[in-house]
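> Below you will find the structure I want to go over with you.
Please treat every number below as a calculation from the coordinates, not as lab data. This is a predicted model, so every value here is computed, not measured. Positions of Cβ are generated from backbone atoms using ideal geometry, with glycine treated the same way; all protein chains shown enter the neighbour counts.
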Amino acid sequence: MNFIDEIKKLKQKKNATILAHYYQVPEIQDIADFVGDSLALSQKAESNDADIVLFAGVKFMAETAKILSPGKKVLIPDINAGCSLADSCKAKDFKKFIKDNPGRTVITYVNTTAEIKALSDISCTSSNAVEIVNSLPPDEKIIFAPDRNLGNHIINKTGRDIVVWNGTCHVHEEFSLEAIIKMKEENKEAKVIVHPECELPVRMIADYIGSTTALLQFTKNDSSKCYIVATEPGIIHQMKKENPQKTYLAVPPRDSTCGCSECNFMKLITMEKIYRCLKTEKPEIHVNSKIISDAQKPIKRMLEISRKLGL
Ligand code: SF4
């Protein structure tokens, strides 16, 4: 079966739109109506006029789409597409963390479950986290969750009083520092570009640190010819599309016997699953209406601050 043609037909027939994250495989990025990082996808989920949103990404992203567009049917091709970072922050434990650190504004990364968002004051993504913290009064005390590496990056950038939750992404914390040093020795002109979810030693040798969108933008505007890329390698597809004449080297994980520089959750989504999901309109994302209304506030606040800051 030609999944590309069938998916296109179903999309038109059902007024459906496909939103895909940069970490999806190239053929899925190419069939999507919109490809982006978490912030851009949240903005798109809010603004599009489709009846059905199919999310080619992980569950917390599809939940965010449902929170922002509760009247729409939101589908995810594989309900098991989770996220180790979102899983590292459970609502029961996070409630206690907030209670143990009173009087702080709770900022959480969008890589969290709907329940965690419902406990938050402001959401953020790696594209806007530093700016969102900087938009608050200088003496405002903050809780940041769940990624400890992004949290520490924000502290380094802003110097604010922030208590950080101890969570990590199993993909970003696995990049090998030794491999980057060796790649740099072999490609002296290459620039090392790093996602802020990476560990401190990897961030310390970066020429540039940014969200997936910021890394893509950097490779577009920068004059170098070669980049050592420390984030999920799915983004390299867009980098190649924008600047095919440049070279992009994906950083391997510490354990060279595993493929864990790729996000196994993102890669659960396939063209066949997208086709079946559009055809059967299952699995569908459901979020409890009270959680939706509580979780809308921090996401809308993030989108409002981002709009004001022109992000
Ligand atoms: S790359 Fe990490 S943060 Fe992103 S979805 Fe996969 S596990 Fe979650």
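> Can you check what the net charge comes to around SER261, using other residues whose Cβ is under 13 Å from the Cβ of SER261 (Lys, Arg +1; Asp, Glu -1)?
-4
> Hey, what do the phi angles of the stretch 206-223 turn into as Karplus ³J(HN,Hα) couplings, whole Hz, using 6.51/-1.76/1.60 and θ = phi - 60°, x for Gly and Pro?
6, 7, 8, 10, x, 5, 4, 5, 5, 5, 4, 4, 4, 5, 6, 8, 7, 8
> Next question, about the same structure. What pairs in LYS8/LYS246; LYS11/LYS44; LYS14/LYS72; LYS73/LYS273; LYS9/LYS279; LYS13/LYS72 have C-alpha atoms more than 22 Å from each other?
Cα-Cα > 22 Å for LYS8/LYS246; rest within.
> Also, quick follow-up: If you put +1 on each Lys and Arg Cβ and -1 on each Asp and Glu Cβ, how big is the dipole of the stretch 50-133 around its Cα centre, in Debye rounded to 20?
Around 260 debye, computed over the stretch 50-133.
> How long are the three semi-axes of the equivalent ellipsoid of the stretch 166-311, in whole Å, if each is the root of 5 times an eigenvalue of the C-alpha gyration tensor, listed from largest down?
So the equivalent ellipsoid measures 31, 20, 17 Å along its semi-axes.
> Report the net charge of residues surrounding SER126, where surrounding means a beta-carbon distance below 13 angstrom and charges are Lys +1, Arg +1, Asp -1, Glu -1.
-3
> For the stretch 27-48, list residues with backbone N below 13 Å from a point placed 7 Å from the Cα of LEU309 toward its Cβ?
39
> To the nearest 0.05, what FRET efficiency results for LYS240 and LYS182 with a Förster distance of 22 Å applied to their C-beta separation?
0.45
> While we're looking at this one, here's another question. Quote the charge dipole size of the stretch 1-140 about the Cα centre in Debye, to the nearest 20; the model charges only the Cβ of Lys and Arg (+1) and of Asp and Glu (-1).
520
> Something else now. Enumerate the amide H contacts of THR105 below 5 Å, restricted to partners 5 or more residues apart or on another chain; note that Pro and chain-start residues carry no placed amide H.
It is LYS141, ILE142, ILE143, by chain and number.
> Along the stretch 289-306, what does the Karplus equation 6.51 cos²θ - 1.76 cosθ + 1.60 (θ = phi - 60°) give for ³J(HN,Hα), rounded to whole Hz, x for Gly and Pro?
Karplus values, whole Hz, x for Gly and Pro: 5, 5, 5, 4, 5, 6, 7, 5, 4, x, 6, 5, 5, 4, 5, 5, 4, 4.
> Here's something else I'd like to know. Please provide three numbers in whole Å: the alpha-carbon extents of the stretch 12-93 along the principal axes, with the largest listed first.
43, 30, 21
> Let me have the 222 nm mean residue ellipticity of the chain computed from DSSP H runs of 4+ only, each contributing -39500 (n - 2.57), with the sum over all residues rounded to the nearest 500.
Rounded to the nearest 500, it is -12500 deg cm²/dmol.
> List, largest first, the extents of the alpha carbons of the stretch 230-311 along their principal axes, each in whole Å.
Taking max minus min along each principal axis of the Cα atoms, the stretch 230-311 gives 45, 40, 28 Å.
> Then there's this: With contacts defined as alpha carbon pairs under 8 Å and 6 or more residues apart, what's the relative contact order of the chain in percent?
Taking the mean separation of contacting Cα pairs over the length of the chain, I get 22 percent.
> Now for a separate question. Assuming 0.36 nm per residue, please report the length gained on full extension of the stretch PHE3 to LYS90 beyond their Cα-Cα distance.
Once the chain is fully extended between PHE3 and LYS90, it gains 27.6 nm.
> From the gyration tensor of the Cα coordinates in the stretch 100-251, what semi-axes in whole Å does the equivalent ellipsoid have, largest first, with each one equal to sqrt(5λ)?
That gives 31, 15, 14 Å for the three semi-axes.
> Another question, if that's okay. When the dipole is taken about the Cα centre of the chain, and only Lys, Arg (+1) and Asp, Glu (-1) are charged at their Cβ, what size is it in debye, to the nearest 20?
720
> Oh, and also: If the viscosity is 1.306 mPa s and the temperature 10 °C, what Stokes-Einstein diffusion coefficient in µm²/s follows for the chain when Rh is the Kirkwood radius over Cα pairs?
Answer from the Stokes-Einstein relation: 80 µm²/s.
> Could you tell me the largest-minus-smallest coordinate of the C-alpha atoms of the stretch 100-155 on each of the three principal axes, in descending order and whole angstroms?
Largest to smallest, the principal-axis extents are 28, 26, 17 Å.
> Here's another thing I want to ask about it. List residues of the stretch 161-177, by number, whose backbone nitrogen lies under 12 Å from a label position 7 Å along Cα→C-beta of ASP100.
164-166
> Towards the positive end of the charge dipole of the stretch 66-224, with charges on Cβ (+1 Lys, Arg; -1 Asp, Glu), say which of ASN111, ASN80, LEU68 has the farthest Cα.
Toward the positive end, the furthest listed residue is LEU68.
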